[in-house]
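**Student:** Pasting a structure here, questions to come.
The values are calculated or read from the model by the stated rules, or taken from the named source; none is laboratory data. If you're wondering where the values come from, they're calculated on a predicted model, not measured in any experiment. Every residue, glycine among them, receives a Cβ derived from its backbone with ideal geometry; neighbour counts consider all protein chains shown.
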Amino acid sequence: MRSRNPVFSRRGFSRDNGYAGFNTAPQAGGPAVATQANPYAQPTGNPYAQNPYAQQDLQYGTPPQAPATTGRMTIDDVIMRTGTTLGVLIVTAALSWALLPVDDANISRSYGIGIGAALIGMVLAFVQSFKRKASPALILTYAAFEGVFLGVISSIVDNRIADGAAMQAVIGTMAVFAGVLVAYRAGWIRVNRRFYGFVMAAALGFILLMAVNLLFAVFGGGDGLGFRSGPLGIVFGVIGIILGACFLALDFKQVEDGIAYGAPREEAWLAAFGLTLTLVWIYMEFLRIISILNSSD
């Protein structure tokens, strides 16, 4: 299961430079689609391909079925790994909220710890993104450090800018997740090469623009170009949430392909990793919008 998060992973391409998994299995609610090849299959000695009629099924548009054998990824595996990863993140966020005060005497120290945890989490995320196999210990360590960062930032916004902001951001994130899941399962969102290409281009443009804004803020002072504050900050926050929703659709397609093609069970950790990255992205955008709205009062 190649991670399709275009910001954090390069795993979205197959060996023939096509998009691994796109147009490989019909989506729920949609018509059968003629497909290319199992993205998990190798030319010879494929340890995943167990169905001798898989290629024939693909030719006639039959949805591929994961082999009923042990060691294959299931939706329960994805749910359990995602729950574990998010659980670690939530626990460390709650601990950092409780143990790192953000009053006037301690806010600088707590903020420094949070930023340090964010940098470590970013490094760990990139390391996992470029690894060929999932590393549960690495993913859970990333979640722990990311949780510290989210706990500190959420506490600062909630206690010093907008009371209840963290819960509002959580509710908003859950609403986006549920909405995209329903839309995906109903077939209203069609994840194909064009969709992937659009999300990739939009995400890269968004990241580059935010990076330029950050550089102007660091070296020029103030809010940089103003893309993350004021009215423009709200606009770009909404764009960030929309991109996060698109990432969720890519993550759901990733999970669907992995289950359909009988990906090994350990790849459920990659699904959990991708979903966690996306949910953190959406949460942070909601938190930013809430912060801006309350700061302008």
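**Student:** So, in the range 205-233, how many residues would count as being closer than 21 Å to VAL180 by Cβ and either among the β-branched types (Val, Ile, Thr) or modelled with pLDDT of 95 or more (or both)?
**Tutor:** Residues flagged as closer than 21 Å to VAL180 by Cβ and either among the β-branched types (Val, Ile, Thr) or modelled with pLDDT of 95 or more (or both) within the range 205-233 amount to 1.
**Student:** For the range 268-277, state whether one or more residues are among the β-branched types (Val, Ile, Thr) and modelled with pLDDT of 95 or more. Walk me through how you get there before you give the answer.
**Tutor:** Going residue by residue through the range 268-277, those that are among the β-branched types (Val, Ile, Thr) are 276.
Of the ones still in play, those that are also modelled with pLDDT of 95 or more are 276.
Checked against the condition, which is being among the β-branched types (Val, Ile, Thr) and modelled with pLDDT of 95 or more, the range 268-277 yields at least one hit.
**Student:** Counting only residues that are within 21 Å of ALA137 (Cα to Cα) and surrounded by fewer than 23 Cβ atoms within 10 Å (Cβ to Cβ), which one in the range 238-275 is nearest to the chain's Cα centre (by Cα)?
**Tutor:** GLU266
**Student:** I've got another one for you. Of these, GLY220, GLY233, GLY197, GLY244, which one is touching a Lys or Arg at 6+ places or on another chain (Cβ under 9 Å) and at negative phi?
**Tutor:** Only one candidate passes the filter, namely GLY233.
**Student:** In the list ALA117, ALA105, which residue meets the criterion of being over 16 Å from the mean Cα position of the chain (by Cα), modelled with pLDDT of 95 or more and farther than 17 Å from GLU267 by Cα?
**Tutor:** From the options ALA117, ALA105, the qualifying one is ALA117.
**Student:** Another one. For the range 225-253, how many residues meet the condition of being closer than 17 Å to MET284 by Cβ, outside any helix (DSSP H, G or I) and touching a Phe, Trp or Tyr at 6+ places or on another chain (Cβ under 6 Å)?
**Tutor:** The qualifying residues number 1.
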